[in-house]
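Input: a single structure, listed below in structure tokens.
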Amino acid sequence: MTTPQELPQMPAGFVWGTATAAYQIEGAAAEDGRGPSIWDTFCRRPGAVAGGASGAVACDSYHRWRDDVQLLDDLGVDAYRFSIAWPRVLPTGAGAVNRAGLDYYDRLVDGLCERGIRPFVTLYHWDLPQALEDAGGWRARDTADHFADYAAVVAGRLGDRVQDWITLNEPYCSSIVGYAEGRHAPGAIEGHGALAAAHHLLLGHGRAVTALRAACPGARVGITLNLSPAVPVSDAPVDRAAADRMDLLLNRQFTDPVLGGAYPEGFERLYAGVSDLSFRQDGDLQVIGAPLDFLGVNYYYRIHAADAPYDQPDAALRSACDIGVRSVPRAGVPVTALGWPIEPHGLYDTLTGLASRYPDLPPVYVTENGIAQLTDDQGPDPDRIRFIAEHLAAAARAAADAPVDLRGYFYWSLIDNFEWARGYAPRFGLVHVDYPTGDRTPRESFHWLRKQLVSRSR
Ligand code: PNW
């Protein structure tokens, strides 16, 4: 038995890494020809982001990327997952390529390769070029084509050094949180539009898979999904049905098409009267279900689901997240500073559940997992250390118990950064960032992880 403060032995070749995303760390929002994204716009909307914050400066990684690479090198990780800002590469989403934007990622990739750190590149971590949103955003089918074209441009430039590609980060958030809950950019509250956005994101993913393989023959391509087991708060049939609806919306709307080439049973019924799903076209599922080299799983928490009244009794007025489910706190379950339940077993259930539902499950990476603190300090962070150790132990158990080919783990995040609608207060970093100086100071968890990585089997 490993003590909770030690990492389990993982197989040789297991990839240890950390993750970030462009809008959350780069800043330099108007530099070197970058176009505006939906997050620049959303952050200006009164009340949208805590404290009126934005990613305009963030951690200034656009200028301080060498510091980040040095931190990764000091930490001793094998890999770094970061994202490319689409509007840096194509300021209006399509058309003319902005060389200066690509140059930035070219330098970063070179810097990583010089230190022997393997780049895992996410092409879309939520920063849609505003010009594309003005033309309908992800509600519009054309956006999927533009995304594949963008993927080809990036792979054409970086594909000689980058082999590991993640098309989308958490299409659930881009579609449902952005177009149904309205908590993320573009801040819409819709039914049909949000479901169309989810479909077009998946279609864009499928088209990008083809584009990436064409531009970069050695490419390994995957997608990152945020998965949360939805558990009923009671055995009552209504609560079980509520958890099932949540599972359809949050998990299986994405895993079934991507891993099984079909939408889940019950999905049409869930949205009867909300959307006729007329955005689906013949052949789409073949594109969406293209075999992948890996699946990225972001795991943070489980959902405890209870049956609840719909916000809108009239289905025609419902948003896509108005499904008659309430997520409730569970007595006795510890929570993070953000109130997220800490249940490492949920990661075990997520991984073993994937293996039992999808017989052709590709290799899996945990592409995000992490814990936030709300205090602005560099002091000891034992909760973070325990969180990482317990989740790794749960992941290792899953790989031992089920046919899950678990290839790696990326902690979210390397550095404190812009936490979307919550602004800068939640700090997920192994490294503290001082705002506005941008000074980076490794926390205790960083030193702990470094020690673990030094002594691991390779
Ligand atoms: C992930 N929500 O997402 C993202 O991939 C990261 O960018 C983010 O920083 C990290 O988790 C920590 O939150 C989120 O529903 C998923 O509010 C869901 C939400 C927010 C972020």
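The values are calculated or read from the model by the stated rules, or taken from the named source; none is laboratory data. Computed from a predicted structure; not experimentally measured. Here Cβ is always computed from backbone atoms with ideal geometry, including for glycine, and neighbour counts include all displayed protein chains. Accessible surface is based on the protein model in full, side chains and every heavy atom, while ligands, DNA and RNA are left aside. Shrake-Rupley method; radii C 1.70, N 1.55, O 1.52, S 1.80 Å.
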Checked pairs for region 247-269, first open to solvent by 40 Å² or more (accessible area, probe 1.4 Å), second assigned to a helix (DSSP H, G or I), C-beta under 6 Å and 6 or more apart or across chains, list as ALA262/ASP256
What number of residues within region 426-436 satisfy the criterion of being hydrophobic (A, V, I, L, M, F, W, C) and within 12 Å of the ligand (Cβ to nearest atom)? 1
For region 354-376, name all the residues that are open to solvent by 30 Å² or more (accessible area, probe 1.4 Å) and outside any loop (DSSP other than H, G, I, E, B). SER356, ARG357
Wholly within region 1-93, which helices (runs of 4 or more DSSP H) include no fewer than the required count, namely at least 2 residues that are more than 14 Å from the ligand (Cβ to nearest atom) and touching a residue at least 40 places away in the same chain (Cβ under 8 Å)? 38-44, 61-75, 86-89
Pull up region 155-169, narrow it to residues that are open to solvent by less than 10 Å² (accessible area, probe 1.4 Å) and out of contact with any helix residue (DSSP H, G or I) (no Cβ under 7 Å at 6 or more places or on another chain), then point me to the one that is farthest from the ligand (Cβ to nearest atom). ASP164
So GLY222, is it open to solvent by less than 10 Å² (accessible area, probe 1.4 Å) and not in a helix (DSSP H, G or I): yes
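Rundown of residues vs (1) without any contact (Cβ under 8 Å) to a residue 60 or more places away in the chain; (2) in contact with a strand residue (DSSP E or B) (Cβ under 7 Å, 6 or more places away or on another chain); (3) open to solvent by 10 Å² or more (accessible area, probe 1.4 Å); (4) assigned to a helix (DSSP H, G or I), yes/no style:
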position	(1), (2), (3), (4)
LEU132	yes, no, yes, yes
TRP138	no, no, no, yes
ALA144	no, no, no, yes
ASP149	no, no, yes, yes
CYS173	yes, yes, yes, yes
TYR179	no, no, no, yes
Quick check: anything in region 315-327 open to solvent by 20 Å² or more (accessible area, probe 1.4 Å), within 23 Å of the chain's Cα centre (by Cα) and within 30 Å of ASP381 (Cβ to Cβ)? yes
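Looking at ASP282, is it farther than 30 Å from VAL121 by Cα and either within 16 Å of the ligand (Cβ to nearest atom) or surrounded by fewer than 21 Cβ atoms within 10 Å (Cβ to Cβ) (or both)?
Working: farther than 30 Å from VAL121 by Cα: yes; either within 16 Å of the ligand (Cβ to nearest atom) or surrounded by fewer than 21 Cβ atoms within 10 Å (Cβ to Cβ) (or both): yes.
So ASP282 passes the test.
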Just give me the residues in region 408-425 being within 8 Å of the ligand (Cβ to nearest atom) and open to solvent by 40 Å² or more (accessible area, probe 1.4 Å), in sequence order. ARG422
A careful count of residues in region 197-231 that are under 27 Å from PRO186 (Cβ atoms) and small (Gly, Ala, Ser) gives 9
